[in-house]
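The values are calculated or read from the model by the stated rules, or taken from the named source; none is laboratory data. On a predicted model such as this, the values are computed, not experimentally measured, just so you know. A quick note on method: Cβ atoms are made from the backbone with ideal geometry, for glycine too, and the neighbour counts reach across all protein chains shown. Heavy atoms of the whole protein, side chains included, go into the accessibility calculation; ligands, DNA and RNA do not. Shrake-Rupley method; radii C 1.70, N 1.55, O 1.52, S 1.80 Å.
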Amino acid sequence: MKRFALIFVSIAATVLSLTSCSSDDDDINPSFDESLIIGKWKSGTLYERYDLDYSGATWDTADDVTEAEAQNFTWTITKDQLEQIHIIENGGKVPKVYTITNLTATTLEYEDAYGKSKSFSKI
């Protein structure tokens, strides 16, 4: 009987230690309001546009590329992850994933998996 009680207490303690009232994951990976990203953003000569229909475009005037010639993409935000799926002219798709570090009504900052960060201002 003592053995049964000891097993029961061990299992109960394990179960209780694995449950939590709140998710610590929210502190590690905060969620961002995706409505704040809608609009046109500028970082030096690099521009990105995010549209309501989850489409967008990017162009760099230093490369003599205009908005009309921009690289189109679709986008999603999940928690702090911004994913752009770039649509290539031949029908291919190239995913790019960034970690958002700051997103406000006027500022967008993110970094890639290699630690390279970009900072944009809304225009």
Extension length gain for D60 and E89 (0.36 nm per residue less Cα distance), in nm, is 8.7 nm
Note the full-extension length gain between T76 and N29 as 0.36 nm times their separation in residues minus their Cα-Cα distance, in nm to one decimal.
15.4 nm
re region 51-123: pairs of Cα atoms spaced beyond 14 Å account for a percent value of 67
Assuming R0 = 35 Å, can you tell me the calculated FRET efficiency for the pair K116 and D53, based on Cβ-Cβ distance, to the nearest 0.05?
0.80
Give the lysines reachable from K122 as a straight Cα distance under 29 Å; neighbours fewer than 8 places away on the same chain don't count.
K40, K42, K79, K93, K96
Kindly report, to the nearest 10 Å², the accessible surface of L82 as traced by a 1.4 Å probe over protein heavy atoms only.
0
Give the residues of region 88-123 whose amide nitrogen is closer than 15 Å to a point set 7 Å from the Cα of K42 in the direction of its Cβ.
106-108, 119-123
